[in-house]
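To keep things clear, I will list the structure first and then write my remarks on it.
Just so it is clear, none of the values below were taken in a lab; they were calculated from the coordinates. Everything numeric here is computed off the predicted structure, so don't read it as measured data. Cβ atoms come from the backbone with ideal geometry, glycine included; neighbour counts cover every protein chain shown.
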Amino acid sequence: MEKHGLLTLVPTPIGNMKDITLRAIEILRTADLILCEDTRISGQLMKHFDIKKPMESFHLANEHKKLPLVIKRLLSGFQIAQISDAGTPGISDPGFLLVRACVEANIKVECLPGPTAFVPALVLSGLPCERFHFEGFLPPKKGRKSRLEALSQLDTTLVFYESPHRLLKTLRQFADIFGADRKASVSREISKMYEETQRGTIASVLSYFSNKSIKGEFVLVIAAGNQ
């Protein structure tokens, strides 16, 4: 293992650039290579912190193809940092496949603590946080309803990610399957200028966003049925 390189998963800010850690900046400045979802987006982060290191795209559409080369580099001694466009790699972003391959190849992996959107949204919701189920993004079409019906049986707080163009559809489905009176919290643009959190019932937050211009990235927190 001593001859192998190191893969470090580096969380990046989900909005406010000040949320990056000193250790994250140090890792990015000393890495031989930075893997990122979109080099244009990550390039803005690198420019902001004056980090000048080679970057390569590594995303859901190409990670299977690029995985063998990345492992080969790590085995040869490369120090590689992986980042996503925002947040922690592996949480609804690329990361799992590479980590699994590194574990199988006996390559050391580190993951730095840092930003991820669902934790502050969950805490801000006012709903119980000691036990929760993080679902992330629901299937866009096939299997969506059956998945929600299965989740409705769980006796714990539920946490979802959702895009702006599907928000209202998702809240309507929540009302149909979980019940319109179920407690809910919807947060958007965590850590950014227009951050907001709306709390109430599924029906009330649906009504609120039905009359708003829907922009940003959303985290939906739904209470357990007995809460």
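Cβ-Cβ distance of Lys192 and Lys145, R₀ of 30 Å, FRET efficiency by 1/(1 + (r/R0)^6): the value works out to about 0.40. The H on the amide N of Phe218, modeled in the peptide plane, is under 5 Å from the matching H of Glu162, each at least 5 residues off or on a different chain. Measuring how big the range 1-73 is from its alpha-carbon positions, Rg and Dmax come out at 12.9, 37 Å. Proximity of backbone amide H atoms, modeled 1.01 Å from N, is registered between Gly90 and Gly95, Phe96 at under 5 Å, excluding neighbours fewer than 5 places apart on the same chain.
Divided by 2.2 N^0.38 Å, where N counts the residues, the Cα radius of gyration of the range 80-129 comes to 1.41. In loop segments of the range 93-152 as defined by DSSP, the chymotrypsin sites (Phe, Trp or Tyr not before Pro) with at most 14 further C-beta atoms inside 10 Å of their C-beta are Phe137. The distance separating the Cα centre of the range 115-152 from that of the range 1-48 comes to 27 Å. Taken along its three principal axes, the alpha carbon spread of the chain comes to 57, 36, 30 Å, from the longest extent down to the shortest. Does the range 118-222 classify as rounded, prolate or oblate by the C-alpha gyration tensor (a ≥ b ≥ c root eigenvalues; a/c under 1.5 gives rounded; else a/b over b/c gives prolate, otherwise oblate)? Since a/c stays below 1.5, the shape of the range 118-222 is classed as rounded.
Spin-label model, Thr201 to Ala180: label points 7 Å out along the Cα-to-beta-carbon direction sit 0.7 nm apart. Amide H contacts for Glu196 (H built 1.01 Å from N in the peptide plane; partners 5 or more residues away or on another chain; cut-off under 5 Å): Arg188. Beyond a 32 Å Cα-Cα separation, which of these cross-linked pairs lie in this structure: Lys145/Lys212; Lys47/Lys183; Lys72/Lys215; Lys47/Lys169; Lys52/Lys141? Listed pairs above 32 Å: Lys47/Lys183; Lys72/Lys215; Lys47/Lys169; Lys52/Lys141. Once the C-beta distance of Leu75 and Arg23 is scaled by a Förster radius of 30 Å, the resulting FRET efficiency is 0.75 to the nearest 0.05. Using the average count of surrounding beta-carbon atoms within 10 Å as a protection proxy, the listed peptides 195-207, 45-57 rank, highest first, as 195-207, 45-57.
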